[in-house]
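Notes follow once the structure below has been shown.
Coordinate-derived values only; no laboratory data. Everything quoted here is computed from the prediction, not taken from an experiment. Cβ placement follows ideal geometry from the backbone for every residue including glycine, while neighbour counts extend to all protein chains displayed.
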Amino acid sequence: MSVGCAACHTIPGTDADGVVGPDLTHIGRRLTLGAATIPNTRGHLGGWVVNSQTIKPGNKMPPQKIAAEELPALLTYLESLE
Ligand code: HEC
């Protein structure tokens, strides 16, 4: 919520109700990200969140400014969404 992801993504049980990007409800369980562009590993997930444009140029998710010390917690949270 604090870094703006919720403006575009929905996560049930939170106030995140954006509809621009895909629903992240089961993101931790998924095998691939970005419409099967990359495998859903912690490294790829982090790379996607910070700058998905280098992975899938022209997609509608802009690069996200996330403090280096906040990224591990965010990734752990996303991985927990099964
Ligand atoms: C301006 C809207 C926007 C914001 C803000 C945004 N996203 Fe996204 N996000 C998208 C869109 C659109 C996609 C789908 C891109 C594609 O695959 O073409 C996406 C895809 C994703 C995916 C891959 C989902 C999948 O189904 O493969 C993840 C994970 C993700 N976003 C996490 C985040 C996180 C975490 C944040 C906050 C740090 C964030 N996003 C902020 C729009 C946004």
Q. Of all residues in segment 42-62 being loosely packed, with under 12 Cβ neighbours inside 10 Å and within 13 Å of the chain's Cα centre (by Cα), which is farthest from Gly4 (Cα to Cα)?
A. Gly43
Q: Check segment 67-82 and report whether any residue there is touching a residue at least 60 places away in the same chain (Cβ under 8 Å), closer than 12 Å to Val3 by Cβ and either touching a strand residue (DSSP E or B) at 6+ places or on another chain (Cβ under 7 Å) or basic (Lys, Arg) (or both).
A: no
**Q.** Matching residues, segment 19-36, being in a loop (DSSP other than H, G, I, E, B), farther than 18 Å from Glu70 by Cβ and within 7 Å of the ligand (Cβ to nearest atom)
**A.** Val20, Gly21, Pro22, Arg30, Gly34, Ala35
Q | Only one of Leu24, Leu31 that is in contact with a strand residue (DSSP E or B) (Cβ under 8 Å, 6 or more places away or on another chain) and either at positive phi or loosely packed, with under 10 Cβ neighbours inside 10 Å (or both) | A | Leu31
Q.
I'd like to verify a number: residues in segment 6-18 that are more than 9 Å from the ligand (Cβ to nearest atom) and surrounded by 10 or more Cβ atoms within 10 Å (Cβ to Cβ), how many?
A. 6
